[in-house]
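Asker: Dropping the structure in here first, questions after.
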Amino acid sequence: MLFQVGGDGTRPTFFEMAAAQQLPASLRASLTYSLGVFALRRSFLHRILDYEDEFFASLMLVLEGHSLRTTDASFAESLYGLRRKSVRLRLSKGSGEEVQRSGLEKRQRILSVVFLVLSLSKGIKSFVPLKLEDQGEEPVVPRGNSGNQELSVRVQLATKIKKFVAVCYPWIHASSEGLSFTYQLLYLLDATGFYSLVLQALGIQVCRATGQELMDTSSSISKIRNHERERLRGPPWFKTVQGALLSCSYVVLDYAQTGLIAAVFIFKVAKEGIPLPPDRTLCALCLQKLANPSVVTVSGFVFCYSCVFKYVSQYKRCPVTLIPASVDQIRRLFHDT
């Protein structure tokens, strides 16, 4: 087949591509969950949660850029031993056109980073009002002077743009989802070698890395870093400081992959915690009305005193978040009746 090369370098399966595509979403969920738990004890972390989209987009911008620059693969694809390669068609003597693959061009790396980061954000949806009828009446601005008139024009224009986006977004979203599903279905049926429209537009195919490519990865990273150190300029002490900062950044980037994947694992383990009942007056352990309500200070969740005392004594953790806890961290709550 046109898209099967045989041996190393073959086209990855649909399930490998789907898993690589879903990994960043799982990573985001795990980080959000972890920050939310730690924010119960460190209130300043709520500031990060207030800018969740911007924080995660910045994080992935750094990780995706580093991964594509050193391995020609996205952050998730590199975990599965995959590589992105530029696709060119050339004429063969016997069977017409055939695929010729080579390393990514600089333009393809930059555009890959852009699309990878944008695909993780809410994009246009974040600008769409929940419901047009919930917007209420347009704000009234006094027209006493020209400054107020200009402000009124800007407000009216912004309102019209919001309404236009709110009307168009469902169609745009449905079209993009339908197109994405179509490409994935064609990829599953071996009818195309591109998993998405973006990859086809960029002229990129994702292939399994050959054994030689995996062996050459570490040497290519060393060459890149040596070149970056050689480009340092300034007095000897300043170059020393720059080199130390570069070494620290290399260590962070090298271990970020392992650390963040561990965060996904921790998130999945934490999902095994006891779910909270819809009625907050019920204990999550016995599902009865709270008796002698008591809080686990490491997480902030409230249970019956006898229930949580027995659980923490046995398992040494919070029943919901699975954060390590002791009976000394259980506090009874008192209120007037």
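The values are calculated or read from the model by the stated rules, or taken from the named source; none is laboratory data. Keep in mind that what you see is a predicted model, and the values were worked out from it rather than measured. Cβ sites come from the backbone with ideal geometry, for glycine too, and all protein chains shown count toward neighbours. Remember, those area values only see protein heavy atoms, side chains included, never the ligands or the DNA or RNA. Shrake-Rupley method; radii C 1.70, N 1.55, O 1.52, S 1.80 Å.
Asker: Which value, in Å², gives the accessible area per residue of segment 167-240 when a 1.4 Å probe is used on the protein heavy atoms?
Answerer: Ligands and nucleic acids excluded, the result is 65 Å² per residue.
Asker: Hey, another quick one. Apply 1/(1 + (r/R0)^6) to the Cβ-Cβ distance of Y255 and Q212, taking R0 = 22 Å, and write down the FRET efficiency to the nearest 0.05.
Answerer: 0.30
Asker: Given a Förster radius of 35 Å and the C-beta distance between A166 and V114 as r, what FRET efficiency does 1/(1 + (r/R0)^6) yield to the nearest 0.05?
Answerer: On the way: r = 26 Å, r/R0 = 0.73.
Efficiency, rounded to the nearest 0.05: 0.85.
Asker: Let me ask you something else. Please give the contour-minus-distance gain from I224 to I48: 0.36 nm per residue of separation, less the Cα-Cα distance, rounded to one decimal in nm.
Answerer: Gain on stretching I224 to I48: 60.1 nm.
Asker: Quick check: net charge around V113, other residues with Cβ under 14 Å of its Cβ, Lys/Arg +1 and Asp/Glu -1?
Answerer: Around V113, the surrounding residues sum to +1.
Asker: Can you sort Y80, Y250, Y305, Y51 by 1.4 Å-probe accessible area, starting with the largest?
Answerer: Y51, Y80, Y305, Y250
Asker: Mind ordering 169-178, 70-79 by average Cβ neighbours within 10 Å, highest first? Working shown, then result.
Answerer: Details: 169-178: 11.4, 70-79: 22.2.
Descending mean neighbour count gives 70-79, 169-178.
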